[in-house]
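The next block holds one structure in the form of structure tokens; read it before the comments.
Please treat every number below as a calculation from the coordinates, not as lab data. Not measured: the values here are computed from a predicted model. Glycine gets a Cβ as well: all are built from the backbone with ideal geometry, and neighbour counts include every protein chain shown.
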Amino acid sequence: FMFHALLLALLLHASAGANIGSKIGFSVDTEGAAAEIRRQVEASRAPAAEPELVVPPPADGDAIAPRRSPRLALTAGTPLVGGAAVLACRWLLSARLEARLESAWRELQGAAGAPGKPGVPAAPSGLRARRSLLLRLQQRLEAVVKLKPKYGALELALPAGLWSKDEEELAAAERALEERTAACGVLLDLHERLGQSPPLGFRAWPLADLEARAAELREKMPQLRKVAALSAQIGQPRLDMSIAAWSAEKLEAHAASLAARVAAARARKEKEELLGKVEAALWRKDRSAEPPMGLSTMSTSELREVLAALEAPAAKAPKQGLGDP
């Protein structure tokens, strides 16, 4: 690129010198110009006044040569050469910035998980605008890299257009993710207080649903804890958390029903334990005898009385044996 720029500058210098020489009406005679320059140098050394510069007559006898210094033809193209060099440098810098912008867009699309290979926006005109956009793309890349683990923690897929969002939109997305993360933490804590697991996929719920469920659990926490404790006693440790949407009165009625079931289960278990103890006592008393047919139909209090009668002689037997020789 630099070689082409210098070549372009030299061509413009030559063209500028030729054009200016043709416009002022004379051509550049290098030998005459050199002689004139030497004459001016020698004259400047002398104390006399500087003689008038005379331009050699042009090659074409019909043309009238102006009385001007030949240095004009040599120096008139200098501003154009400088301008051409500046333009060439700006063109090279602009092309490099455009390539860097395209690379930055591609890197941002890769970090954001853009499907396929979407096109990149056209680079803005102007070096300042392109430098500013390149800096903003670097900031967007850093923001996307920070957002990726937050999306993963919430079991959310990266949005398809994440790479095309500007700085304000990325900041808003980060705030929304932080709010949802906080709401998920509150809901998880409430379920742990109930001894329950949170619903599957609750992290992907909308923020409004998370907040509504948390509000329901906080409001009905006493009734829900009672229901959870009673359900665990009857062998149902996992609750159907849809009951969180029930009214407080319905939850109280459900808890009363569970309490009755728990009492019945305790009575049944107590009766089974007493029946087993009575049968064991009868077997120890007479191993060949069969248990009575109506033993299982007795109530808990009746079984308790039978067990006391069967164990009474066994309790007195050791006392009678103490006085024997």
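Over the range 118-258, all Cα pairs binned in 5 Å intervals from 0 give whole-percent P(r) values of 2, 8, 15, 15, 12, 9, 8, 7, 6, 5, 4, 3, 2, 2, 1, 0, listed from short to long. Judged by the mean number of other Cβ atoms found within 10 Å, the most tightly packed of the peptides 241-252, 133-144 leads the ranking 133-144, 241-252.
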